[in-house]
Protein chains: 2
Amino acid sequence: MAGCQLLSEMENWDSDLARVLTKYVGQDIMDQSIGDMVLADLSIEDMAVQTTREHLIEIGLQRIHKIGYAATGVQEILDLAGVPKGSFYHYFRSKEAFAQEVLQRYASREAQRWETILGDDKLPPLKRLRKYFNELVKVYGQKGPISGCLLGQMSVEVAEHSPDIQSLLSSAFDDWQQAIAALLRSAVDRGELPRTTKADELASFLLNSYEGALVRSKAEKSDEPLDTFIHFAFKVLLKK
Amino acid sequence: MAGCQLLSEMENWDSDLARVLTKYVGQDIMDQSIGDMVLADLSIEDMAVQTTREHLIEIGLQRIHKIGYAATGVQEILDLAGVPKGSFYHYFRSKEAFAQEVLQRYASREAQRWETILGDDKLPPLKRLRKYFNELVKVYGQKGPISGCLLGQMSVEVAEHSPDIQSLLSSAFDDWQQAIAALLRSAVDRGELPRTTKADELASFLLNSYEGALVRSKAEKSDEPLDTFIHFAFKVLLKK
């Protein structure tokens with residue numbers, strides 16, 4: 001019942017926007033978000049608040065990723081979401097708190113991506129890592145729908161001015177780095193990398209170099225810096 | 001005469017700000033900017049306009065580098081410069097045109113830095129490169145007065161939304177990369193690197209990885225990512 005109500009409410013959303021969101025986050029994730037709310041057995045009112053919050057976070061993620069934190073206006077988010085003017089602070093304590101939710105959404109979605117690809121033990125570790133970075137280049141390179149990494153972007157634009165956001169960024173990057181380091185350790189165990197490999201340092205260097213290649217790809221309007229990153233990562237650094 | 005007028009006008013600048021600027025850009029560069037105007041033999045009126053423009057560009061560089069392009073207001077720049085409200089467009093066509101001048105100022109100052117350190121042939125090439133990156137870490141790392149690289153920052157925040165700024169960023173990065181590539185070729189000639197070194201690709205990877213380390217150092221509020229960059233650059237990638 002509650003699920004049907006929610007779905008019918010969602011049908012009232014601007015359909016173009018829903019299409020863009022679905023394309024961006026993937027149908028599976030959209031279905032899962034709705035499913036989570038149905039399973040949590042929320043009241044219709046709570047679900048409506050929750051749905052609107054979800055909707056605002058998705059639109060915020062799109063806009064902040066596309067044009068940056070400072071350039072994104074709270075009013076613009078409400079307008080895009082078709083939510084009444086002035087009601088932003090009903091859903092979020094502040095723009096900064098909103099950005100934290102946006103970041104958490106992005107980071108948990110990216111964690112799903114690395115868990116899926118890096119955890120697929122049907123492939124040898126380094127092949128998984130290559131598949132993973134190839135996918136990132138496809139999604140966040142110049143041919144993707146929104147180029148660049150939101151974590152890198154918020155690090156550059158906001159980290160210095162918001163201790164809460166800085167600490168969130170640090171922990172999201174650290175989780176990401178640990179996932180890559182764990183994979184490098186598997187590669188050592190499988191004999192794909194030498195025993196002397198310092199997995200944590202190498203994972204940090206690879207991740208940061210990928211972030212730098214994304215920055216440069218924006219300056220050049222080209223994926224060449226990302227191709228150069230893939231080349232040095234897999235032909236030089238990840239060699240036995 | 002004109003030089004004295006200019007110097008006396010400069011003394012009217014907010015002295016704290018002048019101290020910060022001098023600390024940031026270095027006394028040599030401040031003296032040289034004044035010297036250039038004196039040598040160009042401008043009229044007092046032209047020099048006043050020129051001085052105000054210079055002053056606005058310096059303050060813009062500080063603020064955009066510190067808080068970002070979108071967050072920096074034109075009015076704030078005028079207030080900080082003590083220049084009458086509403087007169088910004090007397091000096092610059094638009095905020096975007098102003099940002100281009102700011103970027104050019106930053107890029108030409110950075111070019112002076114790499115020309116000086118990388119061109120010092122009293123040291124072997126790779127020692128010069130190490131000295132150069134050590135200096136960058138000191139200036140733009142977490143212990144520097146303003147952390148991060150303005151080119152990287154503007155690439156992330158603005159490149160996608162301004163073709164003029166994107167093209168300026170691309171050309172500034174390319175010049176920088178070429179300077180590093182030229183130094184790597186000297187290192188090959190001196191037998192410090194193998195003959196098979198692909199200088200352009202390696203220079204690109206080093207430069208982009210440095211940019212990525214700066215991004216991560218902001219997220220971590222730590223220079224550790226920069227130390228990791230220096231380690232992989234000089235202990236792994238730049239080895240014979």
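Here are the numbers:
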quantity	calculated
Segment A:156-186 and segment B:67-141: distance between their alpha carbon centers, rounded to Å	28 Å
Three-way shape label, segment A:96-240, alpha-carbon gyration tensor, a/c 1.5	prolate
Environment charge at B:Gly152 (Cβ cut-off 12 Å; Lys +1, Arg +1, Asp -1, Glu -1)	-1
Label-point separation in nm, B:Arg109 to A:Phe234, each point 7 Å along Cα→Cβ	4.1 nm
Using a 7 Å Cα-to-Cβ projection, A:Arg195 label spacings across copies, nm, ascending	3.6
Candidates per trypsin sites (Lys or Arg not before Pro) in segment B:74-167, loop by DSSP, up to 12 other Cβ within 10 Å	B:Lys85, B:Arg93, B:Lys122, B:Lys143
Nm distances between copies for A:Gly82, ranked from closest, using label points 7 Å along Cα→Cβ	5.5
Full-stretch length increase - B:Arg53, B:Lys131 - with 0.36 nm per residue and alpha-carbon distance subtracted	24.7 nm
Members of A:Lys66/A:Lys240; A:Lys127/A:Lys218; A:Lys66/B:Lys66; B:Lys122/B:Lys240; A:Lys131/B:Lys198; A:Lys95/A:Lys198 lying beyond 30 Å, as alpha-carbon distances in this model show	A:Lys66/A:Lys240; A:Lys95/A:Lys198
Computed E for A:Asp120/A:Ser222 - FRET, C-beta separation, R0 25 angstrom, nearest 0.05	0.25
Shielding by partners, peptide B:143-156 (average Cβ within 10 angstrom, other chains)	4
R0 of 22 Å, Cβ-Cβ distance A:Tyr89-A:Asp164: FRET efficiency to nearest 0.05	0.80
Tensor-based shape of segment B:165-240 (alpha-carbon gyration tensor, a/c under 1.5 rounded, otherwise prolate or oblate)	oblate
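Where a number appears in this text, it was derived from the coordinates with a stated rule and is not lab data. These numbers come from a predicted model, not from an experiment. Because the Cβ atoms are built from the backbone with ideal geometry, glycine has one as well, and the counts that use them run over all protein chains shown.
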